[in-house]
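Structure first, commentary second.
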Amino acid sequence: MFDFDLFVIGGGSGGVRAARMASESGARVGLAEQSRMGGTCVIRGCVPKKLMVNAADFGDAFEDSVGFGWSANGINFDWKTFRQAKDREILRLEKLYRANLEKAGVCLFDQRAEMADSHTVRLADGQSHSAKYILIATGGAPFLPDIEGIEYAVCSDDIFLLDTLPKNVAIVGGGYIACEFATILNGLGSEVTQFYRGEMILRGFDNDIQTHVCAGMRNRGINIRLQCDVAKIEKKESALMVTDKSGPVGHYDMVLYATGRRPRTAGLGLEAVGVALGKQGEILVDDFSQSSVPSIFAVGDVTDRVNLTPMAIREGAAFVQTIFAANPIKADHNNVATAVFTRPEVGTVGLTQSEAEQVGQPKIHVTRFRPLSGAIAGRDENVLMKIVEDGDNGRVLGVHIVSPHAAELIQLAGIAIKMKATKEDFDHTVAVHPTLAEELVTL
């Protein structure tokens, strides 16, 4: 007889969804979380980041309002006031996560857990609990390279806890996290230099998105240094000196590393019980999220499949359906819409142009234009909309948007792609005018 039917290690979005659904189905469920309930997304990721984006966007709104006849003199941003408001909201959400778990009957353990054997977890206080199934949902952690002076740098987890905003910041990395924080801090008044060792930021995104966002960021005053890799960081009195491969570059109040995240599997005892791991430490799972050990499953970023909060939630729900409802479901990782909250904002779903060209001869439809509000405000920032069409059957393979509210637009485009809509379907849809989105049906 096991203590629990399911024991979940990790209280992030995927683990919480699985624990709650399993418990509501009648299973005896335990969950251990060593930090705060809600995981990366709620505590140190999507939610506080989006609140910071909102804060930065107000600066644009005040500036643009002048062109519409408003007077916006004497407007100032106070980081401490914002941080207090942000912390209150995160605390509210954390309490909500906990309350929903408790309401569902999940037994919570506010401490670290690790594997003792294939059916047993050992808690930090020495207690052990057995379970028929164990679900690993520990997410990921920021990766910091082993360079001289790395101890002086901060990571993306730290940015939400700053007492003061840096006046002059260096950001290392070219992925979506680095680019998001570059534009956020720039929008809040910091002078930003971004270092990236690659040829262009946002590797893996459509080429037009990459170049359009890079130009937009530079137009906002961000100093983007491509093909430039930081070699060391030195503390010089009250500043940090950054040196790249060619020599000293400059002095900064803060150096933020956003060079990706790695699955959080170290110290969980997974190897000892036979769980197979990948090159980055990710738990290798099948289509049903089952590891190489039949009783152990994993969902979310710890598997390094599609590292998005909604995907972790879907994986957790599919796991419960498969194991506790006798309804085998595979989480669908194809054509997942996503957003990058840079400024300008990105929404993307489906194949990029280069991906489509590898499998066929796609038709490409692109438009760039200045939105109506930008013309009145005098803001020199264009919108990009792009549709990748299958050249053989007209099916829309990908939609890529850089514009205000791109995240809101791409959600609906994602539905169309899931339904296998064609470019003709888009063309036959009457436009809503005047909107940004109408360009998707008039291209």
- Taking the radius of gyration and the Kirkwood hydrodynamic radius from Cα positions alone, what is the Rg/Rh ratio for the range 150-259, to two decimal places? 0.95
- Task: Find the centroid of the Cα atoms in the range 113-180 and in the range 209-266, then give the distance between the two in whole Å.
- Result: 20 Å
- Item | Where the Cα pairs of the chain fall when distances are cut into 20 Å bins, in % | 23, 52, 24, 1
- Dipole of the chain [Lys/Arg +1, Asp/Glu -1 at C-beta], most positive-end residue of 66, 30, 135: 30
- Would you work out the relative contact order for the range 194-237, in percent, from Cα pairs under 8 angstrom that are 6 or more residues apart? 57 percent
- Item | Largest-first principal axis extents of the Cα set of the range 289-331 (Å) | 26, 21, 11
- Cys residues of the chain with no disulfide-compatible partner (no other Cys Cβ under 4.7 Å) are 107, 155, 179, 214, 228
- Task: Calculate for the chain the 222 nm mean residue ellipticity that helices alone would give, adding -39,500 (n - 2.57) per DSSP H run of length 4 or more and normalising by residue count, nearest 500 deg cm²/dmol.
- Result: -9500 deg cm²/dmol
- Message: With only alpha-carbon pairs counted, each pair once and no self-pairs, how large is the Kirkwood hydrodynamic radius of the range 338-442 in angstroms?
- Response: 14.0 Å
- Message: Explain nothing, just the number: dipole magnitude of the chain about its Cα centre with +1 on each Lys and Arg Cβ and -1 on each Asp and Glu Cβ, in debye rounded to the nearest 20.
- Response: 520 debye
- Item | Tail beyond 20 Å, pair distance distribution of the range 163-219 (Cα, percent) | 20 percent
- Cβ-defined net charge surrounding residue 207, 13 Å radius [Lys, Arg +1; Asp, Glu -1]: -3
- Normalised per residue, the volume inside the convex hull of the alpha-carbon atoms of the range 312-393 in Å³ amounts to 155 Å³
- Task: Quick one: check the C-alpha center-to-center distance for the range 363-408 versus the range 50-98, whole angstrom.
- Result: 27 Å
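Mind ordering 332-344, 27-39 by average Cβ neighbours within 10 Å, highest first?
Averaged packing, sorted descending, gives the order 27-39, 332-344.
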- Note on the structure: In terms of the charge dipole of the range 150-259, which places +1 on Lys and Arg and -1 on Asp and Glu at the beta carbon, the residue among 249, 204, 217 farthest towards the positive end is 249
- Query: Net charge near residue 386, counting Lys/Arg +1 and Asp/Glu -1 over other residues with Cβ under 11 Å of its Cβ?
  - Reply: -3
- Given 419-431, 223-235, 248-260, the highest-first ranking by average Cβ count within 10 Å works out to 248-260, 223-235, 419-431
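Work through the residues other than residue 253 whose Cβ is under 10 Å from its Cβ and net out their charges, Lys, Arg +1 and Asp, Glu -1.
Every neighbour counted, the sum reads 0.
Readers should treat all values here as calculations from the given coordinates under stated rules, not as data from a laboratory. Predicted, not measured: the structure shown is a model, and the values here were computed from it. All Cβ positions, even for glycine, are placed from backbone atoms using ideal geometry, and neighbour counts span all protein chains on display.
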